[in-house]
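S.K.: Take this structure, written in structure tokens, and hold onto it; I'll ask about it next.
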Amino acid sequence: MTASGLLAEIEDVGRDPKRGGYSRHAFDAPEQDLRAWFGERALGLGLDVDTDHNGNIWAWWGPPGPDAVVTGSHLDSVPGGGAFDGPLGVVSALAAVEALQARGFRPGKPFAVVVFTEEEGGRFGVPCLGSRLLTGTIDAGKARGLRDADGVTFAEAAAKSGFDPELIGADPARLGQIGRFLELHVEQGRGLIDLGAPVAVGSTVIAHGRWRFSFAGQGNHAGATLLADRADPMLPAAATVTAVRRLAKAVPDARATVGRLVPTPGGTNVIASIVDLWLDARVPGSVTPALVEDITRAAEAAAAEEGCRVTVTRESYSDDVVFDDALRRDLGGWLGGPPELPTGAGHDAAILAGFVPSGMLYVRNPTGISHSPEEFAEAADVEAGAEALAGVLERLAR
Ligand code: GLV
Ligand code: MN
Ligand code: MN
């Protein structure tokens, strides 16, 4: 089946009528449906499917072994996300295997399609959790204790889905089997629109991280408490939102976002006792921590002014990544010199890049919008991407 045909098969899974788009989170019902669907599709291609201790799914074409060529992406989404971020890389991998089989190709090396779990960190807060666990980039104990918005830990959710939480953690044997990793992904900005090309090779991923700012004040009555008597954590939270934009604007090429702000208890007639906000900050080079330091100082000053306290917790961080030079050169040569694109988006391939030669292909997104229902790719570009992926996999795995 074509990549577009495979995407059409899952177009109703995890639709979010409230937010629009899709909400598919690690181990929730839609994601479980997608896991089952992937397993069926992979088995249908004659692949052997197994799930590792961290919840990542591996579909092997031939026996597993060293120097494997591995391709894939993820099936989870951000809340209210688009149809392509993640699934496009998975369906393109399946379509590429089918196309190669139809051409009579048989890999001369171990070959696998992988689906990484919790890439967006949409449920447990840490992005690329599956690939961080595989590579030991996150401590297993920390991962087990990560909580979702309802207080359920990653360990509890994994156990409920049939995984032994004690086995969660670095998997050097499996990581050691990967010779090259290649992820195809929908483009998440305007790069390919502006260049008028359907497919690009990834060059770099900028440093990025997530920080939780927790402002604590005094919960109280909205009518009975005079303004002068308040310690309202919403005020320093609001001041921090504007400080994020002001301070980031002063740093070349910085991106900084507050996309999530949660007051507790969250009542219209209640002064909040706690306001949590999450900062997503991304700047090329080593500037990100310095920018977050400045934002922290601004948050502390705003908290003190209102008689509140703030605690800042780093939830994840990744340095700049440059994808493997030799692989980039090969991909570019085999694909006839497509553009190379840097990105501000994070990917499992960027986590893997610290351990094995890794690369990415991007498929044009005509809206230039991502992490939103407006994310899109034309069917012709989807097929061009899958064909490009098949072509380079054939060369890598021969
Ligand atoms: C993942 O898509 C991210 O960049 O946050
Ligand atoms: Mn994403
Ligand atoms: Mn993605």
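The values are calculated or read from the model by the stated rules, or taken from the named source; none is laboratory data. What you see is a predicted model; the values in this text were computed from it and never measured. No Cβ is skipped: glycine too gets one built from the backbone with ideal geometry, and neighbour counts run over all protein chains shown. Only protein heavy atoms, including side chains, enter the accessible area calculation; ligands, DNA and RNA are left aside. Shrake-Rupley method; radii C 1.70, N 1.55, O 1.52, S 1.80 Å.
S.K.: Only one of 258, 251 is under 29 Å from the mean Cα position of the chain (by Cα), modelled with pLDDT of 95 or more and not in a loop (DSSP other than H, G, I, E, B). Can you tell me which?
M.R.: Numbers: 251 fails: not in a loop (DSSP other than H, G, I, E, B).
Answer to the selection: 258.
S.K.: Please state which one of 207, 158, 200, 170 is within 16 Å of ligand 3 (Cβ to nearest atom) and either touching a helix residue (DSSP H, G or I) at 6+ places or on another chain (Cβ under 9 Å) or of a type outside the set (Gly, Ala, Ser) (or both).
M.R.: Values: 207 fails: within 16 Å of ligand 3 (Cβ to nearest atom); 158 fails: within 16 Å of ligand 3 (Cβ to nearest atom); 170 fails: within 16 Å of ligand 3 (Cβ to nearest atom).
After applying the criteria, what remains is 200.
S.K.: Moving on. Mind telling me which of the residues 296, 288, 311 ends up being in contact with a Ser or Thr (Cβ under 7 Å, 6 or more places away or on another chain), under 21 Å from residue 125 (Cβ atoms) and of a type in the set (S, T, N, Q)?
M.R.: Working: 296 fails: in contact with a Ser or Thr (Cβ under 7 Å, 6 or more places away or on another chain); 288 fails: in contact with a Ser or Thr (Cβ under 7 Å, 6 or more places away or on another chain).
Result of the check over 296, 288, 311: 311.
S.K.: Which of the numbered conditions does residue 132 fail, given that it passes all the others? Conditions: (1) touching an Asp or Glu at 6+ places or on another chain (Cβ under 7 Å); (2) within 16 Å of ligand 2 (Cβ to nearest atom); (3) basic (Lys, Arg).
M.R.: With respect to (1) touching an Asp or Glu at 6+ places or on another chain (Cβ under 7 Å); (2) within 16 Å of ligand 2 (Cβ to nearest atom); (3) basic (Lys, Arg), residue 132 is out only on (1).
S.K.: Something else now. Could you count how many residues in the stretch 178-189 are open to solvent by 20 Å² or more (accessible area, probe 1.4 Å) and away from ligand 1 (no atom under 16 Å from the Cβ)?
M.R.: Residues in the stretch 178-189 being open to solvent by 20 Å² or more (accessible area, probe 1.4 Å) and away from ligand 1 (no atom under 16 Å from the Cβ): 1 in total.
S.K.: Does at least one position in the stretch 160-167 carry a residue that is within 30 Å of residue 110 (Cβ to Cβ), part of a loop (DSSP other than H, G, I, E, B) and touching a strand residue (DSSP E or B) at 6+ places or on another chain (Cβ under 6 Å)? Show your work before the answer.
M.R.: The first filter runs over the stretch 160-167 and keeps only residues within 30 Å of residue 110 (Cβ to Cβ), leaving 161-167.
Filter once more, so that each one left must be part of a loop (DSSP other than H, G, I, E, B): 161-164.
Then drop every residue that is not touching a strand residue (DSSP E or B) at 6+ places or on another chain (Cβ under 6 Å), which leaves none.
So far as the stretch 160-167 goes, no, none of its residues is within 30 Å of residue 110 (Cβ to Cβ), part of a loop (DSSP other than H, G, I, E, B) and touching a strand residue (DSSP E or B) at 6+ places or on another chain (Cβ under 6 Å).
S.K.: In addition: What strands (runs of 3 or more DSSP E) lie completely within the stretch 22-131 and have 3 or more residues being under 24 Å from residue 364 (Cβ atoms) and in contact (Cβ under 8 Å) with a residue 60 or more places away in the chain? Before you say what the answer is, go through the steps one by one.
M.R.: Values: elements: 48-51, 57-60, 68-74, 111-116.
Passing ranges, in order: 68-74, 111-116.
S.K.: I'd like to check which helices (runs of 4 or more DSSP H) are fully inside the stretch 278-379 and have at least 3 residues that are closer than 30 Å to residue 232 by Cα.
M.R.: Values: elements: 288-305, 325-334, 348-352.
By residue number, 288-305.
S.K.: Here is a follow-up. Can residue 124 be described as among the aromatic types (Phe, Trp, Tyr), over 25 Å from residue 384 (Cβ atoms) and either modelled with pLDDT of 95 or more or away from ligand 1 (no atom under 15 Å from the Cβ) (or both)?
M.R.: On the way: among the aromatic types (Phe, Trp, Tyr): yes; over 25 Å from residue 384 (Cβ atoms): yes; either modelled with pLDDT of 95 or more or away from ligand 1 (no atom under 15 Å from the Cβ) (or both): yes.
Judged against the criteria, residue 124 is a match.
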